[in-house]
Amino acid sequence: MTTYHAELAWLPDGPAADVLIEVDGGRFSAVAPGVSPSAGAPRLAGLTLPGLANAHSHAFHRALRGRVQGRGTFWSWRDMMYQVAALLTPDSYRALARAVYAEMALAGITCVGEFHYLHHNTGGTRYADPNEMSAALVEAAAEAGIRITLLDTCYLTSTVDGKPLAGVQERFGDGDAARWAERVSAFTPPAHARVGAAIHSVRAVPAEQIPTVVEWAAARGAPLHVHLSEQRAENTACLAHHRRTPTELLADAGALGPLTTAVHATHLSDSDRTELGDTDTAVCLCPTTERDLADGIGPGRALADTGSPLCLGSDSHAVIDIFEEARAVEMDERLRTERRGHFSANELARAATVAGHAALGWADAGAIAVGQRADLVTVRLDTVRTAGTGPHGAFFAATAADVAHVIVDGREIVHDGQHLHLDVARALEDAIV
Ligand SMILES: [Zn+2]
């Protein structure tokens, strides 16, 4: 058993002072606020949070950071992203993902949801082990010291009206949803990993194929994620072909519900929002990517008010900083409405922690409470960014660079801002060519 003494800890109701935290077998065995420091317990100075969850990641997009900033649209950015995807092998992707997940560990992320569609070799040929890419990503997370939910993504067509995959997209495809399900079912994850399902989008999975993916996830109680209405062009094409919005199409296919997370949900009608909320479908906002790709601003407050739990993802990894994602949810509402104060710090904290873990299928993570997985993320409150901000400053002033210590499932991964197993900047530089 290990005992820590947190100067301040973010408990389920908010920050508390002088919190004694006991960890036994990778879980919290005692959490007691208002306890004087004792000589034996390591002191966690600053603010200690539960583990942060990054609910939407495409690890290889990190290779584009800073490199694709000229004029263009989401679609011209996607062409550049495909050039990176064309070159990756299981070995090179393992090295890149290890570095990216280690960057996440430094940022206090203890669990990632990897929305994974780069399944096959060039031309769509299966590897000898058809899940070799999945295995590479799961191993990468283990080496970086974090948990992973591999959201194995069904990707079958290139357009809403069913045009076949072409070029590098052939690496994403399994032919049909039944073959996708057969491949995914053959992958057995180790203890730090879970497998969920993903429908890439209504562009990439024909309406009649969607129920197969839904049934696969439902039979296992596994999370189901889907990109939804990130671009207006997707809505226009879906309305033209199916006479329904993407949300309506997913609803009709039985794809919405409490185990489903809609990613982005940027361009929604009022009835789309109601449908998501009424079905308890979660929504993952990715504000730093959405602004980087000029997607638009999703209706975060309205979605939360209609019943959709919100979580957060760094998606394309233009930035890996869950504090920035959380703060942007509030700040984007301010820009849209010209008013302040839409989300409380505790709402942003929930999105960053317990809601993200729930969306990834880890109901026993994301809170500092007895019985939960022992994830701790200590943020310094004495840096130039955080000094004088108080405990709520974490979500309104701190950055990933202020994370000092990270413990995942009771194991220390980051100490004094350093990853214990990897030189992360070097690993990123070596992996991005
Ligand atoms: Zn995405």
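Structure notes:
Quick grid of which residues meet (1) open to solvent by less than 30 Å² (accessible area, probe 1.4 Å); (2) part of a loop (DSSP other than H, G, I, E, B); (3) in contact with a Leu (Cβ under 6 Å, 6 or more places away or on another chain):
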| position | (1), (2), (3) |
| --- | --- |
| Ala9 | yes, no, no |
| Pro15 | no, no, yes |
| Leu20 | no, no, no |
| Ala41 | yes, yes, no |
| Leu44 | yes, no, no |
| Asn54 | yes, no, no |
| Gln83 | no, no, no |
| Met104 | yes, no, no |
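- Of all residues in the stretch 310-330 being in a helix (DSSP H, G or I) and among the charged types (D, E, K, R), the one that is nearest to the ligand (Cβ to nearest atom): Glu325
- Residues in the stretch 288-309 that are crowded, with 20+ Cβ neighbours inside 10 Å and within 16 Å of the ligand (Cβ to nearest atom): 7 in all.
- Search result, residues across the stretch 212-236 that are among the basic types (Lys, Arg) and touching a strand residue (DSSP E or B) at 6+ places or on another chain (Cβ under 9 Å): Arg220
- Enumeration of residues in the stretch 232-245 that are within 16 Å of the ligand (Cβ to nearest atom) and either more than 23 Å from the chain's Cα centre (by Cα) or over 19 Å from Glu275 (Cβ atoms) (or both): Ala233
- Screening Thr73 on (1) crowded, with 20+ Cβ neighbours inside 10 Å; (2) closer than 26 Å to Cys311 by Cα shows it passes everything except condition (1).
- Members of the stretch 169-188 that are surrounded by 15 or more Cβ atoms within 10 Å (Cβ to Cβ) and part of a loop (DSSP other than H, G, I, E, B): Gly173, Asp174, Asp176, Phe187
- Whichever residue in the stretch 145-168 is open to solvent by less than 10 Å² (accessible area, probe 1.4 Å) and of a type outside the set (A, V, I, L, M, F, W, C) and, among such residues, is nearest to the chain's Cα centre (by Cα): Thr149
- Residue in the stretch 222-231 that is modelled with pLDDT of 95 or more, open to solvent by 10 Å² or more (accessible area, probe 1.4 Å) and more than 16 Å from the ligand (Cβ to nearest atom) present: no
- Ile210, sole failed condition from (1) open to solvent by less than 10 Å² (accessible area, probe 1.4 Å); (2) under 18 Å from Leu285 (Cβ atoms): (2)
- Selection from the stretch 269-281 of residues that are open to solvent by 10 Å² or more (accessible area, probe 1.4 Å) and either in contact with a strand residue (DSSP E or B) (Cβ under 8 Å, 6 or more places away or on another chain) or within 16 Å of the ligand (Cβ to nearest atom) (or both): Thr279
- Condition check for Ala85: more than 20 Å from Ala181 (Cβ to Cβ) and either among the acidic types (Asp, Glu) or within 16 Å of the ligand (Cβ to nearest atom) (or both): yes
- Failed item, numbered, when Thr261 is tested on (1) within 16 Å of the ligand (Cβ to nearest atom); (2) open to solvent by 20 Å² or more (accessible area, probe 1.4 Å): (2)
- Among the residues making up the stretch 197-227, a single one is over 22 Å from Asn131 (Cβ atoms) and of a type in the set (Asp, Glu): Glu208.
- Close pairs (6 angstrom Cβ cut-off, 6 or more residues apart or separate chains): closer than 12 Å to Gly313 by Cβ in the stretch 343-363, surrounded by fewer than 24 Cβ atoms within 10 Å (Cβ to Cβ) and not small (Gly, Ala, Ser) anywhere: Ala355/Pro309
- Check on Asp129, over 15 Å from His58 (Cβ atoms), in contact with a helix residue (DSSP H, G or I) (Cβ under 8 Å, 6 or more places away or on another chain) and either among the aromatic types (Phe, Trp, Tyr) or without any contact (Cβ under 8 Å) to a residue 40 or more places away in the chain (or both): yes
- One residue alone among Ala282, Ala294 is modelled with pLDDT under 95 and hydrophobic (A, V, I, L, M, F, W, C), and that residue is Ala294.
- Only residues that are surrounded by 19 or more Cβ atoms within 10 Å (Cβ to Cβ) and assigned to a helix (DSSP H, G or I) were counted in the stretch 393-433, giving 9.
- Restricting Leu96, Leu118 to residues that are at negative phi and assigned to a helix (DSSP H, G or I) narrows the list to Leu96.
- Of all the residues in the stretch 60-70, those that are closer than 16 Å to Ala140 by Cβ and open to solvent by 20 Å² or more (accessible area, probe 1.4 Å) number 1.
- The listed residues are Asp332, Asp315, and the only one of them that is buried (at least 20 other Cβ atoms within 10 Å of the Cβ) and at positive phi turns out to be Asp315.
The values are calculated or read from the model by the stated rules, or taken from the named source; none is laboratory data. Computed from a predicted model, the values in this text were never measured in an experiment. Neighbour counts are summed over all protein chains in view; Cβ atoms, including those assigned to glycine, are modelled from backbone coordinates with ideal geometry. Heads up: the accessible areas ignore ligands, DNA and RNA and are worked out on the full protein's heavy atoms, side chains in. Shrake-Rupley method; radii C 1.70, N 1.55, O 1.52, S 1.80 Å.
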